[in-house]
Every structure is written in C-alpha cells, then in structure tokens.
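Worksheet: one structure, shown below.
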Amino acid sequence: MAINDQGDIQDRGALLEAAGGDGVLRHLGAGVPDDWHVDPVLLGVPGVRRQTDEDNQLAWQADSLCAQTDPEAFFPEKGGSTRDAKKICASCDVRAQCLEYALQNDERFGIWGGLSERERRKIRRRA
C-alpha cells in the first residue's frame, strides 16, 4: 500500500492517484477539518495580500461620495472653482473622517472633508 497507517503518502504515484481530474486531493485516511483552507497569501497568489491596519483606517473611503464622482472636481486648477466639490462633501457621510485624514497626513492638494488646502492650513495653525 502506498499510504501508511498514519495517512502519510509513501510514494508519488499514490499522491497522483489520489488527485482527481479537477486537481483536488481526495480524502486519504483522516478527514480534513471543515474549517481548513489554503491561505492564498502564503501561496503567493498574485493580487492577494493580507489586510493591514492602514486598510482598516481607510475603510471609510469606500463610503465616500467623491469615490463615485469625477475626481477632477476635487482637484481644480489653481484659481478654479471648488464649489461643486464642496457641495458633494456637504452631503457625504464620511466628511469628518476625510477631513481628519487630510489633516493628519498634511494633504496639500484638493478638497478633503469639504475644505480646500488653504482652509485646512488655517485649521492646522489654530491647533
């Protein structure tokens, strides 16, 4: 027999026989736990990575209205109007998180949390 009493495969041929046409290794001896899985990060699957603390801190961005609109409105040319961007920000549920992010990260361009860079700079000076 190619498999010993502990369920260990003794030769490569037995392993190949155990693998089905779909490439799935079939049950050999003891059952595989229901919660068993293969970690795609450990396998090196392209485009898959572990979630980081930074991902959790930026989760609010998924709920932002600006993510659903043209980004050019939030980064106007010098002297351009910020009115449309500020109007969108005024009704955004994550406006406070956005402004906090911009202040903590010293964002120097664009409208963040409904404020321009100049307006954010005034807030930083007061703090």
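For Arg126, what is the net charge nearby, where nearby means another residue's Cβ is under 13 Å from its Cβ and Lys, Arg count +1, Asp, Glu -1? Computed value for this residue: +4. Relative to the current alpha-carbon distance between Ser81 and Lys122, full extension at 0.36 nm per residue lengthens the span by 12.8 nm.
If we count every other residue with Cβ under 13 angstrom of Glu100's Cβ, Lys/Arg +1 and Asp/Glu -1, where does the sum land?
Working: positive: Arg95, Arg120, Arg124; negative: Asp106, Glu107.
Surrounding charge for Glu100 is +1.
No lab work stands behind these numbers, since they all come straight from the coordinates. What you are looking at is a predicted structure, and each value in this text was computed from that prediction instead of being measured. Methodologically, a virtual Cβ is constructed for each residue, glycine included, from the backbone with ideal geometry; neighbour enumeration extends over all protein chains shown.
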